[in-house]
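Just below is one structure, and these are the notes that go with it.
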Amino acid sequence: MECFSKTVATDVDLLVDFSAEVSSIIKNGGKIVSAIPGTTTNSNNALVYGKVAIQALPDWSEVYVRCNSNYYSGLGGTTTLNLLVIYV
């Protein structure tokens with residue numbers, strides 16, 4: 001397992017690209033079993049918010065974590081998104 005995190009400016013809808021990180025696992029001989037999006041936190045209040053989901057192509061060449069933060073669009077600051085990748 002490996003966990004990746006990225007911090008980006010908070011927006012109404014976030015789509016963060018984790019393709020390079022997952023690609024590095026595949027290039028080193030790993031076979032992706034699953035990927036799980038983690039909680040998101042905002043720098044202004046440190047609360048977990050929004051709904052997170054993963055969006056990926058079947059060959060894992062493109063992997064994104066999406067966070068719908070419509071209800072928190074006035075929050076500002078930055079948001080951290082996590083992706084847990086399980087591979088063998």
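Tell me which residues, restricted to the stretch 1-20, are open to solvent by less than 80 Å² (accessible area, probe 1.4 Å), within 11 Å of the chain's Cα centre (by Cα) and not hydroxyl-bearing (Ser, Thr, Tyr). Scanning the stretch 1-20 gives PHE4, LYS6, VAL8, LEU14, VAL16, ASP17, PHE18.
Which residues, counting only those in the stretch 1-57, are of a type in the set (S, T, N, Q) and free of Cβ contacts under 8 Å to residues at least 40 places away in the same chain? The answer is SER23, SER24, ASN28, THR41, ASN42, SER43, ASN44, ASN45. In the stretch 1-47, which residue that is touching a Cys at 6+ places or on another chain (Cβ under 9 Å) and part of a strand (DSSP E or B) is nearest to LEU83 (Cα to Cα)? Top of the filtered list is PRO37.
The set of residues in the stretch 48-68 that are more than 26 Å from VAL88 (Cα to Cα) and part of a strand (DSSP E or B) comprises VAL48, LYS51, CYS67, ASN68. Filtering the stretch 39-66 to residues that are at pLDDT 85 or above and over 11 Å from PHE18 (Cα atoms) leaves ALA53, LEU57, PRO58, ASP59.
Within the stretch 71-88, residues that are part of a loop (DSSP other than H, G, I, E, B) and surrounded by 13 or more Cβ atoms within 10 Å (Cβ to Cβ) have Cβ atoms under 8 Å from residues that are among the charged types (D, E, K, R) and at pLDDT 90 or above in no pair, counting only partners at least 6 apart in sequence or on another chain.
Can you confirm whether the stretch 25-34 contains a residue that is within 17 Å of SER5 (Cβ to Cβ) and at pLDDT 95 or above? Yes - at least one qualifying residue is present in the stretch 25-34.
The values are calculated or read from the model by the stated rules, or taken from the named source; none is laboratory data. Note that the structure is predicted; figures quoted are calculated from it, not measured. All Cβ positions, glycine included, derive from the backbone under ideal geometry; neighbour counts span all protein chains shown. To get the accessible areas, we keep the full protein, side chains included, count just its heavy atoms, and leave off ligands, DNA and RNA. Shrake-Rupley method; radii C 1.70, N 1.55, O 1.52, S 1.80 Å.
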